[in-house]
Amino acid sequence: MYMSTYKLEKHLATRLKNMTCSAIRDMLKQAGRPGFISLGGGYPDPESFPIDIIRSLRILVKRKYKNSIYQYGRSEGLIQLFEQLIPFFKRTNRSIKATPHTISITTGSQQALAILAMMFIDPGDYIAVETPTYLGALQAFNPFQPRYIELEVDDEGIVPDKLDKTISKYPNIKFIYIIPTFQNPTGKTLSLDRRVRIAKILRKHDVIAVEDDPYSELRYEAEPIPSLQSLIPEKVIHLFTFSKTFAPDFRIGGIVAPPEVCETATMIKQGLDLYTSNYNQAMVTEYLAGGHLEPHLKKIINLYKPRRDLMMSLIDTYFPLEISHTNPLGGMFVWAYSNNSKTIHINTILDEALKKNVGFVPGNPFFARKKNSPFSMRLNFTNQSNSNIEKGIKILGQILHKYL
Ligand SMILES: Cc1ncc(COP(=O)(O)O)c(C=O)c1O
């Protein structure tokens with residue numbers, strides 16, 4: 001009632017012009033419908049949450065940390081968590097040598113993206129992103145009104161020579177945002193050779209990179225590849241999260257970065273939410289200290305790998321030939337696309353899929369500059385049973401055959 005008589009728009013800040021609600025979250029509003037099969041969100045399977053461990057950790061945290069855990073906490077993060085993170089970062093998938101001065105805890109890695117946007121982007125600044133890139137990063141960056149440069153990618157991720165040329169053309173790029181391992185939305189991974197070449201390019205130019213890595217623990221095949229930050233720590237801000245390897249609701253993520261970046265992040269965080277829940281940080285601390293991560297990873301990899309295999313083979317069987325797909329070695333997503341389907345819009349496919357109780361995320365919102373977006377869809381394989389994946393892909397296949 002209040003809103004209908006009040007002309008909100010004329011009072012809004014101009015930065016809101018660049019903001020839209022997440023297409024994923026809009027679509028997921030439908031996901032609660034009975035029988036709805038969502039291949040949309042980047043969600044872990046709730047069945048995989050380590051409920052018994054969480055229960056025992058709650059008892060342990062209460063006993064060990066007493067009432068003081070409910071007090072205001074340090075903006076940098078809980079000291080005890082730092083002690084556990086230092087060995088965690090040494091796992092080969094990150095290979096990072098961190099110290100307490102190079103870690104900052106944030107409320108999910110999503111907050112780290114918002115903090116970095118506030119730290120670096122003035123209106124009109126150039127930032128370079130993969131084509132396509134994580135929609136939530138665009139949402140975090142957009143209020144600061146950057147101009148996007150879309151970096152060319154192939155099956156192995158960013159093409160280093162093209163990156164070199166782009167930076168030479170736009171030497172003032174504020175940062176390059178990159179998800180090198182099991183990328184969201186494509187599932188692609190930047191090879192070690194390319195990481196080494198990109199590190200050289202960063203060294204040559206006066207430019208930094210933000211390396212977002214929520215997925216590298218979820219590897220289903222091949223050997224882990226060290227992070228970009230491990231190759232050039234002084235020029236890379238590395239993001240991590242426990243959303244996919246423990247549970248998203250704890251909202252524990254953060255950055256590993258040179259100390260001056262961490263200090264600035266802390267200053268910004270104080271204006272946003274003062275600090276991240278001590279209690280939730282203590283839960284992650286004890287999860288790591290108790291040695292629960294490794295067995296849990298085994299469990300979820302055993303759950304997700306067959307789902308990935310199944311989804312890829314079903315796409316091969318039921319989708320029209322002109323649809324190609326990526327072959328992710330880990331993570332949560334397969335990207336299906338066609339370079340020929342100019343006449344039919346992906347939203348037509350989505351509308352019909354939603355009517356048949358199946359959801360996916362159309363590719364367009366993952367492109368920083370919309371006009372480049374091809375016919376594409378992001379398909380999540382972690383949050384549905386094998387039988388639902390089969391039903392969902394078969395239905396999508398029928399719709400695609402009808403229109404393509
Ligand atoms: C690439 C990427 N970055 C950041 C996030 C945010 O994750 P969280 O805030 O739960 O740590 C996600 C979530 O799906 C993601 O895919």
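Here are some notes:
- Cβ crowding within 10 Å averaged over residues, with 104-112, 226-234 ranked highest first: 104-112, 226-234
- Region 310-398 - Rg over Rh from alpha carbon coordinates, Kirkwood radius: 0.93
- A crude spin-label estimate for the pair E223 and Q270, with each label 7 Å from Cα along the Cβ direction, gives 4.6 nm.
- Förster radius 51 Å - calculated FRET efficiency between K402 and D206 (Cβ-Cβ, nearest 0.05): 0.45
- Theoretical FRET efficiency, 1/(1+(r/R0)^6), r = Cβ-Cβ of I301 and K17, R0 45 Å, to 0.05: 0.60
- If only the Cβ of Lys and Arg carry +1 and only the Cβ of Asp and Glu carry -1, the dipole of region 68-292 around its Cα centre is close to 300 debye.
- Rounded to 5, the percent of DSSP beta bridges in region 62-201 classed as antiparallel: 20
- Each residue of region 215-366 gets 192 Å³ once the volume of the Cα convex hull is shared out per residue.
- With both labels modelled 7 Å from their Cα along Cα-to-Cβ, the T92 to T317 distance reads 3.4 nm.
- A convex hull fitted to the Cα coordinates of region 159-264 yields 115 cubic angstrom per residue.
- If the chain linking R369 and I59 were pulled fully straight, counting 0.36 nm for each residue of separation and taking away their Cα-Cα distance, it would gain 106.7 nm.
- The Kirkwood radius of the chain, taken over pairs of alpha-carbon atoms, gives through the Stokes-Einstein law at 4 °C and 1.567 mPa s a diffusion coefficient of 59 µm² s⁻¹.
- Under a model in which nothing but the beta-carbon of Lys, Arg (+1) and Asp, Glu (-1) is charged, the chain shows a dipole of about 660 debye around its Cα centre.
- Counting every pair of alpha carbons in region 1-156, the share spaced more than 25 Å apart comes to 58 percent.
- Here's how it looks for G330: its modeled amide H is under 5 Å from those of Y220, which are all 5 or more places away or on a different chain.
- Taking amide H as placed 1.01 Å from N in the peptide plane, I149 has its amide H under 5 Å from the amide H of I127, A128, V129, each at least 5 places away in sequence or on another chain.
- Ordering of 178-185, 8-15 by packing [mean C-beta count within 10 Å, highest first]: 178-185, 8-15
- Backbone HN-Hα couplings from phi across region 279-294 [Karplus 6.51/-1.76/1.60, Hz, Gly and Pro as x]: 4, 5, 5, 5, 4, 5, 4, 6, 4, 6, 4, x, x, 7, 4, 4
- 10 Å-binned pair-distance histogram of region 68-292 (Cα, whole percent): 8, 35, 38, 16, 3, 0
- Our note on the geometry: Cα centres of region 153-170 and region 82-116, 27 Å apart.
Readers should treat all values here as calculations from the given coordinates under stated rules, not as data from a laboratory. Since the model is a prediction, treat every value here as computed from it, not as a measurement. All Cβ positions, even for glycine, are placed from backbone atoms using ideal geometry, and neighbour counts span all protein chains on display.
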